[in-house]
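Visitor: Have a look at this one before I ask anything.
The values are calculated or read from the model by the stated rules, or taken from the named source; none is laboratory data. Remember, it's a predicted structure, so these values are computed and weren't measured experimentally. Here the Cβ positions follow ideal geometry from the backbone for every residue, glycine too, while neighbour counts run over all protein chains shown. Note: accessible area is taken over every heavy atom of the protein model, side chains too, but ligands, DNA and RNA are not part of it. Shrake-Rupley method; radii C 1.70, N 1.55, O 1.52, S 1.80 Å.
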Amino acid sequence: MTDGLPLPRRTLAIAAVSFGTALVVIDGAIATVALPTIARDLHVDSSAAVSVVTVYQLTLVMLLLPFAGLGERIGLKRMYQAGQLVFTVATVLCFFAESLPFLLIVRAAQAAGAAAALSVSSALIRRIYPAKHLGRGLGINSVVVSSSAALAPTIGGLVLAVGPWPWVFASAVPFAVASLLFGRALPDTPARDEPFDVLGALLCAGMFGLVIGGLESAVHGDSPVVSAAVVVAGAVIGLFFVRREMREPKPILPVDLLTRPVLALSVVGAYTAFIATMTLLLSLPFRLQHGYGFAPSEVGAVIAPWPLTTMIVAPLAGSLSDRYPAGALGGIGMVIAVAGLLFLAFLPVDPSWFDIAWRMSLTGAGFGMFLSPNARLIIGSAPIDRAAAAGGLISTTRMVGQTTGATLVAALLAIGIGGGTVPPLVAAGLAAIAGLCSLARLRPAIRNPRFAETEDVQPAKLR
């Protein structure tokens, strides 16, 4: 069990991870602002330009778990900094993109670098902070994620106002450079003389790539039959892959960790919570513009209280999870989130900005209170030598949950019920499931696994 890094090295190390996390989030979200400009300059359709975003997301979700397994073998610090370097080089290549295919290749390379860094970031946080302050560290990381996501569109708009679209991608380079410079303070983890399961990595990437790619195709494509066939192919590969992984001592897909009820419940809760957030956030602009007549420029101001509130609540909840059970904190958070979602479902006939803003703030507070303690429990539930796998599982769960939410919203819009009260009601049901998963972890048999399995799944005084 690690006792963290001493000060001031700890401060420099968490700065390195924070800058690295910010660049991944910003680069994933900022491209949406530049899509119309990219389509015009590269002489492609708008629908084709969307692939600039989907290729990035798809590559990221395919590589997170394989890179987490590789990071455990070659060393977390080495993996993290290699990812930052690949990302920086790929970003420079954006300036030479004169065709969409070349840009997509560069974006895939960016995503590969981002996946390498993101796959081991949570494991590094566990080694940076003492066990008693792990929740605080993960709470700070949640703030970085929320604030970066909120700032990305603004940064993109400002860059496009003064420069060409390649500078939109380059705006994340300072974060990568800062992360590399501060990265000298990251904890050194020795490489392991263990073979890397290349076939398992390929199967993992193929499973997620086909399933997520098939879902994306169902949303944006023209052939439901082909999309369904792609998803089925991914599911077949996944079935073979999971059965194979169950025989591995340290599987790439951490099925060994998911056999622990406390971790399995945490992952299911996170998955449903991410679906719920994406379901609301993607559907709300349609409801506000079409149902209530809000201008596009007003929608951002209405949604802003969510991430702003999460930025405040997440670190507080993370710190509390160092002292109190994550199951209780998550349960309370989901009660608050469900209340906020129900209030959003039943808005007044002619809502003002304030009518929507306080409901968004309440909902953001609930999810912020759930996600930080939940991440702490997932990381703390894993043995220290499997922390990278647990961290990769958190990131993969977030990406898959968000993709599922986007597909759900597209389906609701396609059948004509995606712009009203149905999406927030569906989100409330999903949040309730997440809350039940969280409260179930309070059962002593689940909350307190054998001490030999985990050292810091809960604060010591709560065992």
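Visitor: If the chain between A304 and A339 were fully stretched, how many nm would it gain, using 0.36 nm times the residue separation less the Cα-Cα distance? Mind dumping the intermediate values first?
Guide: Values: separation 35, 0.36 × 35 = 12.60 nm, distance 1.87 nm.
Using 0.36 nm per residue and subtracting the Cα-Cα distance, I get 10.7 nm.
Visitor: What number, in percent, do you get for the relative contact order of the range 233-309 if the mean sequence gap of Cα pairs under 8 Å and at least 6 apart is divided by its residue count?
Guide: Working: 20 pairs, mean separation 9.3, N = 77.
It rounds to 12 percent for the range 233-309.
Visitor: Which three numbers, in whole Å and largest first, are the semi-axes of the equivalent ellipsoid of the range 252-447 derived from its Cα gyration tensor as √(5λ)?
Guide: The equivalent ellipsoid of the range 252-447 has semi-axes of 31, 17, 14 Å.
Visitor: What's the extension gain from I105 to V92 if we count 0.36 nm per residue and subtract their Cα-Cα distance? Could the numbers behind the result be given before it?
Guide: Values: separation 13, 0.36 × 13 = 4.68 nm, distance 1.29 nm.
3.4 nm is the gain from fully extending I105 to V92.
Visitor: What dipole magnitude, in Debye to the nearest 20, does the chain give about its Cα centre under +1 on Lys/Arg Cβ and -1 on Asp/Glu Cβ?
Guide: Values: 30 positive and 23 negative charges, 292 e Å.
The dipole magnitude comes to about 1400 debye.
Visitor: Now a separate question. In whole Hz and in residue order, list the ³J(HN,Hα) couplings for the range 242-247 that follow from phi through the Karplus curve 6.51 cos²θ - 1.76 cosθ + 1.60, θ = phi - 60°; x for Gly and Pro.
Guide: Ordered by residue, 3J(HN,Hα) equals 5, 4, 5, 5, 5, 9 Hz.
Visitor: Quick one: if you stick a label point 7 Å off each Cα along the C-beta vector at D3 and L151, how many nm between them?
Guide: Those two pseudo-labels are separated by 3.5 nm.
Visitor: With the contact rule set at Cα under 8 Å and sequence spacing of 6 or more, what percent relative contact order holds for the chain? Intermediate results must be reported in sequence, preceding the final value.
Guide: On the way: 818 pairs, mean separation 104.5, N = 463.
So the answer I get is 23 percent.
Visitor: Here is a follow-up. So if R0 is 35 Å, what FRET efficiency would R243 and T32 give, r being the distance between their Cβ atoms, rounded to the nearest 0.05?
Guide: Details: r = 38 Å, r/R0 = 1.09.
According to the calculation, E is roughly 0.35.
Visitor: I've got another one for you. Considering just Cα atoms, how many Å³ per residue does the convex hull of the range 199-310 enclose? If you can, show how the numbers build up before the last one.
Guide: Working: hull volume 16.9 nm³, N = 112.
Hull volume normalised by residue count: 151 Å³.
Visitor: Putting +1 on Lys and Arg Cβ atoms and -1 on Asp and Glu Cβ atoms, find which of L76, L103, V33 reaches farthest to the positive end of the dipole of the chain.
Guide: L76
Visitor: How high is the FRET efficiency from V349 to L158, r the C-beta distance, R0 30 Å, rounded to 0.05? Working shown, then result.
Guide: Values: r = 37 Å, r/R0 = 1.23.
Between V349 and L158 the formula returns 0.25.
Visitor: Taking amide H positions as placed 1.01 Å from N in the peptide plane, with prolines and chain starts having none, which residues 5 or more places from G75, or on another chain, fall under 5 Å of its amide H?
Guide: Those lying under 5 Å, H to H, from G75 are R192.
Visitor: Going toward the positive end of the dipole of the chain, with +1 on Lys and Arg Cβ and -1 on Asp and Glu Cβ, which of M278, P251, W306 do you reach last?
Guide: P251
Visitor: Mind listing the phi-derived Karplus ³J(HN,Hα) values for the range 122-127, rounded to whole Hz, using 6.51, -1.76 and 1.60 with θ = phi - 60°, and x for any glycine or proline?
Guide: Whole-Hz 3J(HN,Hα) from phi for the range 122-127: 5, 5, 5, 4, 4, 7.
Visitor: How long, wide and thick is the range 389-445, going by the Cα atoms along their three principal axes, in whole angstroms, largest first?
Guide: 45, 25, 10
Visitor: Could I ask something else about it? Between L181 and I415, how high is the FRET efficiency from 1/(1 + (r/R0)^6) when r is the Cβ-Cβ distance and R₀ = 45 Å? Nearest 0.05. Walk me through the intermediate numbers first.
Guide: Working: r = 51 Å, r/R0 = 1.13.
Using R0 = 45 Å, I get an efficiency of 0.30.
Visitor: Here's something else I'd like to know. Please state, rounded to one decimal and in Å, the Kirkwood hydrodynamic radius that the chain gives when every pair of distinct Cα atoms enters the mean of 1/r.
Guide: Working: mean 1/r = 0.0447 Å⁻¹.
Averaging 1/r across every pair of different Cα atoms and inverting gives 22.3 Å.
Visitor: When 1/r is averaged over all different Cα pairs and the result inverted, which Kirkwood radius in Å belongs to the range 197-246? Don't skip to the end; give the middle numbers.
Guide: Details: mean 1/r = 0.0915 Å⁻¹.
Final number for the Kirkwood radius of the range 197-246 is 10.9 Å.
Visitor: Here's something else I'd like to know. Non-local amide H neighbours of R443 (under 5 Å, H modeled in plane, Pro and chain starts lacking H): which ones?
Guide: none
Visitor: Keeping all protein chains in place, calculate the accessible area per residue for the chain (probe 1.4 angstrom), answer in Å².
Guide: Solvent-accessible surface per residue comes out at 40 Å².
Visitor: Here's another thing I want to ask about it. Express the C-alpha Rg of the range 1-190 as a ratio against the empirical globular expectation 2.2 N^0.38 Å, rounded to two decimals. Intermediate values should be presented prior to the final figure.
Guide: Numbers: Rg = 16.8 Å, N = 190, 2.2 N^0.38 = 16.2 Å.
Normalised Cα radius of gyration, the range 1-190: 1.04.
Visitor: Using a 10 Å cut-off on Cβ atoms, rank the peptides 169-177, 264-272, 100-108 from the highest mean neighbour count down. Intermediate values should be presented prior to the final figure.
Guide: Values: 169-177: 20.2, 264-272: 23.7, 100-108: 18.4.
Most protected by this proxy first, the peptides run 264-272, 169-177, 100-108.
Visitor: What number, in percent, do you get for the relative contact order of the range 1-190 if the mean sequence gap of Cα pairs under 8 Å and at least 6 apart is divided by its residue count?
Guide: Rounded, it is 43 percent for the range 1-190.
Visitor: Could you give the length gained by full extension between L258 and T11, i.e. 0.36 nm per residue of separation minus their alpha carbon distance, to one decimal place?
Guide: Working: separation 247, 0.36 × 247 = 88.92 nm, distance 3.21 nm.
Gain on extension, L258 to T11, equals 85.7 nm.
Visitor: Which whole-Hz couplings ³J(HN,Hα) result when phi for each residue of the range 392-400 is put into the Karplus expression 6.51 cos²θ - 1.76 cosθ + 1.60, θ = phi - 60°, listed in order with x for Gly and Pro?
Guide: Rounded to whole hertz, the list is x, 5, 4, 5, 5, 4, 4, 5, 5.
Visitor: Also: Could you work out how far apart the two model spin labels at A233 and H43 are, taking each label as a point 7 Å from the Cα in the direction of the beta carbon, and quote it in nm?
Guide: The two pseudo-label positions are separated by 3.2 nm.
Visitor: Can I ask one more? Okay, helix-only estimate at 222 nm for the chain: each DSSP H run of n ≥ 4 adds -39500 (n - 2.57), divide by all residues, round to 500 deg cm²/dmol; what do you get? Don't skip to the answer; put the middle values down first.
Guide: Details: 19 runs with 352 residues, N = 463.
The per-residue figure over the chain is -26000 deg cm²/dmol.
Visitor: Still on this structure, I have one more. Please get the size of the charge dipole for the range 1-190, origin at its Cα centre, with Cβ charges of +1 on Lys and Arg and -1 on Asp and Glu, quoted in debye to the nearest 20.
Guide: Details: 12 positive and 7 negative charges, 156 e Å.
Roughly 740 debye for the range 1-190.
Visitor: Where does each of 225-238, 114-127 land if you order them by average Cβ count within 10 Å, highest first?
Guide: On the way: 225-238: 15.7, 114-127: 28.3.
Output ranking for 225-238, 114-127: 114-127, 225-238.
Visitor: Out of the total accessible area of the chain (probe 1.4 Å, heavy atoms of protein only), what percent is carbon and sulfur?
Guide: Values: 13260 of 18730 Å².
Roughly 71 percent, rounded to a whole number.
Visitor: Per-residue counts of other Cβ atoms within 10 Å, averaged by peptide: what ranking do you get for 81-91, 28-38, 409-419, highest first?
Guide: Values: 81-91: 21.2, 28-38: 19.4, 409-419: 15.6.
The packing order, highest mean first, is 81-91, 28-38, 409-419.
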